1. Which whole-number value in Å³ per residue fits the convex hull of the alpha carbons of region 91-209?
2. At 1.4 Å probe size, with the rest of the protein present, what percent of the exposed accessible area of region 13-144 is carbon and sulfur atoms?
3. Hey, can you grab everything whose amide H is under 5 Å from the amide H of Val30? Only 5+ residues off in sequence or another chain; H modelled, so Pro and N-termini drop out.
4. Quick one: 3J(HN,Hα) in Hz for region 270-281, Karplus 6.51/-1.76/1.60 with θ = phi - 60°, rounded, Gly and Pro as x.
5. Report the equivalent ellipsoid semi-axes for region 62-111 in whole Å, largest first, defined as the square roots of five times the eigenvalues of the gyration tensor built from alpha carbon atoms.
6. Taking θ = phi - 60°, what integer Hz values does the Karplus form 6.51 cos²θ - 1.76 cosθ + 1.60 yield along region 258-268, in sequence order, with x for Gly and Pro?
7. By a straight-distance test (C-alpha under 17 Å), which lysines pair with Lys248 as possible cross-link partners, with residues fewer than eight away in the same chain excluded?
8. Work out from phi, with θ = phi - 60° and the Karplus expression 6.51 cos²θ - 1.76 cosθ + 1.60, the ³J(HN,Hα) of each residue of region 164-177, listed in order in whole Hz, and give x for Gly and Pro.
Amino acid sequence: MIIKRLSHLVAGTCLSALLLSSAQAGAPLVLMTDFGTADGAVSAMHGVAYGVDPQLTISDLTHQIPDYDIWLGAYRLYQTANYWPQGTVFVSVIDPGVGTARKSVVLKTKGGRYFVGPDNGLFTLIAERDGVAELREIDEKVNRLAGSAESYTFHGRDVYAYVGARLASGAISYEQVGPQLPSESVVKIAYQKPVRDGNTIRGIVPVLDVKYGNVWTNIPKSLLDELQVKLHDPLQVRILHKGKQVAKVTAPFEHTFGGVAKGKPLVYLNSLLDVAVAISQGDFAAKHHVESGVDWEVEVSKAPAAK
């Protein structure tokens, strides 16, 4: 009886290990670049990945990041990554320094997702929000597409897609990526963190809702709650570029765009539960000439009581 129980236990353990291995080996691969899709660059990355494992599941986050816009790439990862399962491998290539001394890395978050790309600030927001469990530099002597050693300007294909695919397919373990780096050494872009200063909350406009022209901020719901803002309360929003005021509006806090008449402004919480400002069925950014980035500041406060 004891031997029979032990055999069942061993079998169960082996099955669990096999299932775990299969889950790790079948991780999704997600690609993001500033390459666009007008030429064959993205297709080449897909081809390299499928060459590693034809059974991979490959998805595209976006390839429409504006040229060299590392910050926006960092934000799109922040916006998207946590909706993908544990083990997902993200290959991100916004790399104006391709071929230079910047490091090629794979960052593993504390949530168990992997981020492959240049260590140039792309992983700023992921590192801050999700935490860095481990950071490894890619050893290109063993982790590089065969025959690509003399190609210096397409690491997205030759290094990142190749390594990402090998990691997602289980062809290599994370430890085989290359030597470990200090977790705190991740390159980060400096920006204004959201803060409360009395009755005013300050932050930045990290990104626009590009389809509709809504202006997103990095101010979380928790800071708005500290001001005890209630539904329909009027809020004053100031938007500044490099310290110069670009827009100033007073608008009610609403849950939905239908909370105000068409063409009227409102303040709301976006899909990430951060403060945003919009015009119902209109384009706030275009009307007020607002753009986004670390030098676009925003201030939100309760509107002064009407006299």
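The values are calculated or read from the model by the stated rules, or taken from the named source; none is laboratory data. In this text, all values refer to a predicted model and were calculated from it rather than measured experimentally. Neighbour counts are summed over all protein chains in view; Cβ atoms, including those assigned to glycine, are modelled from backbone coordinates with ideal geometry. Each accessible area value is taken on the protein alone, full model and side chains, heavy atoms only, with ligands, DNA and RNA left out. Shrake-Rupley method; radii C 1.70, N 1.55, O 1.52, S 1.80 Å.
1. Values: hull volume 15.9 nm³, N = 119.
It is 133 Å³ per residue.
2. Values: 3010 of 5700 Å².
Of all accessible area on region 13-144, carbon and sulfur atoms account for 53 percent.
3. When sequence neighbours closer than 5 places are left aside, the close amide H contacts are Ser59, Val89, Phe90, Val91.
4. Each residue of region 270-281 in turn: 6, 5, 9, 6, 10, 5, 9, 10, 8, 10, 4, 6 Hz.
5. Values: eigenvalues 86, 45, 13 Å².
Output for region 62-111: semi-axes of 21, 15, 8 Å.
6. Karplus-based 3J(HN,Hα) across region 258-268 equals x, x, 10, 5, 3, x, 9, x, 8, 10, 8 Hz.
7. Here the lysines satisfying the reach criterion relative to Lys248 are Lys264, Lys287, Lys302.
8. These are the phi-based 3J(HN,Hα) values: x, 5, 5, 5, 5, 7, x, 5, 10, 8, 4, 5, 7, 4 Hz.
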